[in-house]
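Undergrad: The structure follows.
The values are calculated or read from the model by the stated rules, or taken from the named source; none is laboratory data. Since the structure is predicted, the reported quantities are computational estimates derived from the model, not experimental observations. Note that we place each Cβ from the backbone using ideal geometry, even for glycine, and neighbour counts take in every protein chain shown. When the accessible area is computed, the model is the full protein with side chains, heavy atoms only, and any ligands, DNA or RNA have been set aside. Shrake-Rupley method; radii C 1.70, N 1.55, O 1.52, S 1.80 Å.
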Amino acid sequence: MTKLGQWLCGLVLLGSAWAALALSPPGLRLPAPFRQALLPLPVYLLVAFGCYSLATVGFRLATFNDCEEAAAELREHIRAARADLARRGLRF
């Protein structure tokens, strides 16, 4: 199962549990404080997911590895391309 499939399964599971509690079936009576906390729960979860995503992107960006060999190879390709273009008459 792909990561997207895992996330969607979890989302469907949590969403159906929330809907079952929020719609309050006839045999289930939740106290008022629980209902007041339950109704905005998807918004809280969405904000928490956004914070987690932002923290993950920030951490991965802060710990990004430099590739010195690839940078040197790219510089060499640029030098060769400039030399080829200069040989064909393009001035920089």
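Undergrad: Can you pull the percent of Cα pairs in the chain with separation above 16 Å?
TA: Of the Cα pairs, 76 percent sit more than 16 Å apart.
Undergrad: Please state the equivalent ellipsoid semi-axes for the range 1-54: what are the square roots of 5 times the Cα gyration tensor eigenvalues, largest first, in whole Å?
TA: 25, 16, 5
Undergrad: I would also like to ask the following. Leaving out ligands and nucleic acids, note down the accessible area per residue over the chain with a 1.4 angstrom probe, in whole Å².
TA: 91 Å²
Undergrad: Taking a label point 7 Å from the Cα of residue 3 along the Cα→Cβ vector, which residues of the range 58-79 have an amide N closer than 15 Å to it?
TA: 58-61
Undergrad: Once you have a ≥ b ≥ c as the square roots of the Cα gyration tensor eigenvalues for the range 38-83, tell me rounded if a/c is under 1.5, and otherwise prolate or oblate according to whether a/b is larger than b/c.
TA: prolate
Undergrad: Same structure, new question: What figure in square angstrom, to the nearest 10, would you give for the accessible area of residue 75 with a 1.4 Å probe?
TA: Per-residue accessible area (residue 75): approximately 130 Å².
Undergrad: By how many nm would the segment from residue 14 to residue 36 lengthen if fully extended, with 0.36 nm per residue of separation less the alpha-carbon distance?
TA: Fully extending the segment from residue 14 to residue 36 adds 6.2 nm.
Undergrad: Would you mind telling me which residue in 37, 22, 80 has the biggest mean-square fluctuation in a Gaussian network model of the chain, where springs connect alpha carbons within a distance under 10 angstrom?
TA: Of 37, 22, 80, the most mobile in the Gaussian network model is 80.
Undergrad: Here is a further query. Angle, helix 68-87 long axis vs. longest principal axis of the chain, Cα atoms, 0 to 90°, nearest 10?
TA: 50 degrees
Undergrad: Share of the chain's accessible area from carbon and sulfur, percent, 1.4 Å?
TA: 70 percent
Undergrad: Also: Mind jotting down the distance between the C-alpha centroids of the range 71-92 and the range 1-48, whole Å?
TA: For the range 1-48 versus the range 71-92, the Cα centre distance is 58 Å.
Undergrad: Among 59, 38, 92, flag the residue with its Cα farthest along the positive direction of the charge dipole of the chain, charges on Cβ as +1 for Lys/Arg and -1 for Asp/Glu.
TA: Result: 92, furthest along the dipole toward the positive end.
Undergrad: Would you mind checking the tilt of helix 41-62 against the longest principal axis of the Cα atoms of the chain, expressed as 0 to 90 degrees and rounded to 10?
TA: Its long axis makes an angle of about 20 degrees.
Undergrad: Taking the Cα centre of the chain as origin, work out the dipole magnitude from +1 charges on Lys and Arg Cβ and -1 charges on Asp and Glu Cβ, in debye rounded to 20.
TA: The calculated dipole for the chain is roughly 320 debye.
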